[in-house]
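Have a look at the structure below, then the notes.
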Amino acid sequence: MNAPQASSPALSRWSEPGSSRVPFWAYTDGELYRRELETIFYGAHWCYVGLEVEIPNVGDYKLSHIGERQVLLVRDRKKLGSDSKFAAARSAADAGPADGRSAKLESDPNFLDDGIRVVENRCAHRGVRFCQKSHGNARSFVCPYHQWTYKLNGDLAGLPFKDGVKDGDHVNGGMPKDFELKDHGLTKLRVATLHGLVFATFSDQTEPLEDYLGPNVLPWLERIFKGRTLTLLGYNRQRIPGNWKLMMENIKDPYHPGLLHTWFVTFGLWRADQKSRMVMDAHGRHAVMISRKNEGGQAAVTQGVTSFKAGMKLHDDRLLDVVPEPWWRIPDPSNPGADIMPTVTMITLFPSLIIQQQVNSLSTRHIVPRGAGEFDFVWTHFGFADDTPEMTRRRLRQSNLFGPAGFVSADDGEVIELSQGGFRQGGEGGSTVCELGGTSLDATEHMVTETLIRSMYAYWKKVMAV
């Protein structure tokens, strides 16, 4: 658990007890936002940076973000050795400081490094963001300003005129005699991978990734990713004029989908009369919304709901050509001896990752803050290497429900913008009301609740010391 940070009186002004009434200033205060970056994104949290499948070959890289900092996800050369002690070495290393971890692993002849690196996109010389391409392949990274050159692992390989320039019997310039290449590499982040997902942290104090995620959430990640090779299907990007936490809230909010989204309530993809479950980790920061679709149509939960369109028909019903997949069914983590087979799981990993399985559509969604009132949202749509061509086409068709102009997700981007405008208008004294299902922080077996939002803010409030 992260220790609360000392807070200035100006920031310590959450007057309401509990976490069910979030002050509007939590979404608009610029100083608070800057401290969120330091405490959460650059502090003791694991942040998503990408998928291993995005960098399959040595030298492949992807430009990503943690908070507002640009980082590079890189495939370096693997360190050779027996893999017999790989798991033990990785576990022991993750428990220790970043510097000690690197030294310990590199000195262990039985350790097989997976070659996944994350380094900051900022030259150690004059601070230049040296990489401008979103993806690529490189043997090394060269800063265009003064040609400082870095290895794939971030070590400084060389620089022009380090030893000066000879001029007759004299040498002009050069770095000081005590200048060491090893002391001037790129900022290297701690890295952890889980079934093809890649996370990184700037902090030496962040707990091991599996402990960070917790036993309640891990089974739902393993259901999608464990033992499977991913294939990339495409990307969407959008910039949403709202606070970054609003998207975390949105995917922890089972109340709205059957009310806001015409497609969900009309076609039975997500609505209050479905069998559902809300799961969270012990700290309330991560969550899984689990549900099973029904046939839709008119029912008690559609009475008076303006987004429900009884007469709405698809001109191309392939958009909802849902085919159950064997991996959907797993032993129920909450009920030993029973199985569970959801059609949708929405996983939120605080602070920056959403993993969507909505029937046959799969994607990660990466939250990149751009200020107190704006964030970028990056969608990575994926499938599995053993998918048939028909399943790949099905996943792509269903992805039209999501993304910036998706039949469903376009609603979310718009309502977040409207919320942010209301927060600015309401000013210092306003607050939200997240009290559906009461004010407790308990997991539920239904979706008529806002408990996941309350739980996230209980954690956020403690970490931010507000």
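The values are calculated or read from the model by the stated rules, or taken from the named source; none is laboratory data. For clarity, every value in this text was computed on a predicted model and none was experimentally measured. For neighbour counting, all protein chains shown are included, and Cβ atoms are generated from backbone atoms with ideal geometry for every residue, glycine included. Side chains included, ligands, DNA and RNA excluded: accessible areas come from the protein's heavy atoms. Shrake-Rupley method; radii C 1.70, N 1.55, O 1.52, S 1.80 Å.
Here T266 meets the list (1) surrounded by 18 or more Cβ atoms within 10 Å (Cβ to Cβ); (2) within 21 Å of K461 (Cα to Cα) almost entirely, failing just condition (2).
Out of segment 348-362, which residues are over 10 Å from the mean Cα position of the chain (by Cα) and either aliphatic (A, V, I, L, M) or not in a strand (DSSP E or B) (or both)? Steps first, answer last, please.
Quick first cut of segment 348-362, residues over 10 Å from the mean Cα position of the chain (by Cα) only: 356-362.
Listed by number, the residues that qualify are V359, N360, L362.
Taken as a whole, the structure places L112 among residues that are at pLDDT below 95, crowded, with 17+ Cβ neighbours inside 10 Å and in a loop (DSSP other than H, G, I, E, B). Here is the figure for segment 127-166: residues that are assigned to a strand (DSSP E or B) and at pLDDT 95 or above total 11.
I'd like the full set of residues that are in a loop (DSSP other than H, G, I, E, B), more than 21 Å from S140 (Cβ to Cβ) and of a type in the set (V, I, T), limited to segment 185-201. None - no residue of segment 185-201 is in a loop (DSSP other than H, G, I, E, B), more than 21 Å from S140 (Cβ to Cβ) and of a type in the set (V, I, T), so the list stays empty. Checking each residue in segment 442-466 for being farther than 20 Å from T345 by Cα, part of a loop (DSSP other than H, G, I, E, B) and of a type outside the set (V, I, T) picks out only A465. If you check P326, P369 for being open to solvent by 10 Å² or more (accessible area, probe 1.4 Å) and not basic (K, R), only one passes: P326.
Among the residues of segment 150-161, the one identified as touching a Phe, Trp or Tyr at 6+ places or on another chain (Cβ under 7 Å) and open to solvent by 30 Å² or more (accessible area, probe 1.4 Å) is A157. Hey, could you check segment 167-176 for residues that are part of a loop (DSSP other than H, G, I, E, B) and modelled with pLDDT of 95 or more and say which is least open to solvent (accessible area, probe 1.4 Å)? So the residue we want is G174.
Anything in segment 381-405 that is among the hydroxyl-bearing types (S, T, Y) and either assigned to a loop (DSSP other than H, G, I, E, B) or loosely packed, with under 14 Cβ neighbours inside 10 Å (or both)? List them, or say none. It would help to see each step written out before you state the result.
Within segment 381-405, the subset among the hydroxyl-bearing types (S, T, Y) is 388, 392, 399.
Selection gives T388 alone.
Taking helices (runs of 4 or more DSSP H) as the structural unit, those lying wholly within segment 227-333 and holding at least 2 residues that are modelled with pLDDT under 85 correspond to 257-260, 262-267. The single residue among R370, R365, R393 that is of a type in the set (K, R), more than 16 Å from P23 (Cα to Cα), over 22 Å from the mean Cα position of the chain (by Cα) and modelled with pLDDT of 95 or more turns out to be R393. The residue list N236, N335 contains one member that is surrounded by fewer than 21 Cβ atoms within 10 Å (Cβ to Cβ) and over 28 Å from I416 (Cβ atoms), which is N335. Of all residues in segment 273-292, those that are farther than 13 Å from P333 by Cα have Cβ atoms under 7 Å from Cβ atoms of residues that are open to solvent by 10 Å² or more (accessible area, probe 1.4 Å) and in a strand (DSSP E or B), 6 or more apart or on another chain, in H286/M280; A287/V279; A287/M280; M289/M346.
Looking at (1) modelled with pLDDT of 60 or more; (2) open to solvent by less than 70 Å² (accessible area, probe 1.4 Å), which one does P56 not meet, given that it meets all the others? Status for P56: all satisfied but (2).
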